[in-house]
Amino acid sequence: MNSREEILTLWQAQEADVRSRLAPPGVATLAQLKELSGIEFLQHIWEGKLPSLHIGETMEFIPLEGEPGRVVFQGTPGRKHYNSLGSVHGGYFCTLLDSALGCAVHTMLPKGIGYTTLELKVNLLRALTEKTGPVRAIGKVIQVGKQVGVAEANIVDVDGKIYPHATTTCLIFPLP
């Protein structure tokens, strides 16, 4: 079993590696969305062939890795993400989770098919603070059909402690 320090070092190295390949933030074109399957689209982001996420830059998290049905985002919450009560705002939790959940569903979609979040349910189990260190939102598909996709995610720290748990329902549709 790896120690906390070894896991932390591994997480930081993996994040630095991915960040070194990411393109500047931007928005993909509809044509780019239509010509790639969901997993291909995300791989293009990881490889720097498509723009990275504006929201990731704003909230300081990145899409770290993925495969069909599973996506991992990583970020390190800090004081700039705090609410007035002295802990990380629920919006940080929700944004990180919505990204991991939606992208997990996206990995299962063929070319020409898009999605949007219809419902997001989040259970905030414990507070995040600047002392927590890096966290990962791990999104996993439960079911993807022709019109609806369902996924679940947790945000965990290097010790494997769960902070929130979330589920989503996504609407699936042909891109115009």
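Bear in mind these aren't lab numbers, they're just calculated from the coordinates by the rules spelled out. Not measured: the values here are computed from a predicted model. All Cβ positions, even for glycine, are placed from backbone atoms using ideal geometry, and neighbour counts span all protein chains on display.
Calculated mean residue ellipticity at 222 nm for the chain: -9500 deg cm²/dmol, from DSSP H runs with n ≥ 4 weighted as -39500 (n - 2.57), summed, divided by the residue count and rounded to 500.
Against the chain, whose longest principal axis comes from its Cα atoms, helix 90-106 is set at around 40 degrees. Taking the Cα centre of the chain as the origin and placing charges on Cβ (Lys, Arg +1; Asp, Glu -1), which of G102, V122, L36 is farthest toward the positive end of the dipole? Comparing the listed Cα positions along the dipole, V122 ranks first. As a ratio to 2.2 N^0.38 Å, the alpha-carbon radius of gyration for the chain is 1.01. Among the trypsin sites (Lys or Arg not before Pro) in region 136-168, those located in a DSSP loop and surrounded by at most 12 other Cβ atoms within 10 Å of their own Cβ are K146. Hey, if you drop one equal point scatterer on each alpha-carbon of region 1-80 and run the Debye formula without solvent, what base-10 log of I(q)/I(0) do you get at q = 0.17, 0.20 Å⁻¹? Result of the Debye calculation: -0.73, -0.94.
Neighbour counting of Cβ atoms within 10 Å sorts the residues D17, D157, fewest neighbours leading, into D17, D157. Computed from backbone phi with θ = phi - 60° and the Karplus coefficients 6.51, -1.76 and 1.60, the 3J(HN,Hα) list for region 73-88 is 10, 9, x, 10, x, x, 4, 5, 9, 6, 8, 6, 8, x, 9, 5 Hz; x is used for glycine and proline. If you look for lysine pairs in the chain that are eight or more places apart or on different chains, how many of them have Cα atoms under 26 Å apart? Value for the chain: 17.
Computed from backbone phi with θ = phi - 60° and the Karplus coefficients 6.51, -1.76 and 1.60, the 3J(HN,Hα) list for region 141-147 is 6, 9, 7, 10, x, 6, 10 Hz; x is used for glycine and proline. Counting neighbouring beta carbons within 10 Å and listing from fewest to most, the residues S84, S3, S99, S52 come out as S84, S3, S52, S99. Computed from Cα positions, the angle between helix 4-21 and the longest principal axis of the chain comes to roughly 40 degrees. Basic side chains Lys and Arg get +1 at the Cβ, acidic Asp and Glu get -1 at the Cβ, and with that the dipole of region 4-174 about its Cα centre reaches some 300 debye.
If you keep only loop residues by DSSP, which GluC sites (Glu not before Pro) in region 10-116 have at most 16 other Cβ atoms within 10 Å of their Cβ? Those that pass, being in a loop and sparsely packed, are E47, E60. Residues whose amide H lies under 5 Å from that of H89, counting only those 5 or more places away or on a different chain, are Y82, N83; hydrogens are built 1.01 Å from N in the peptide plane.
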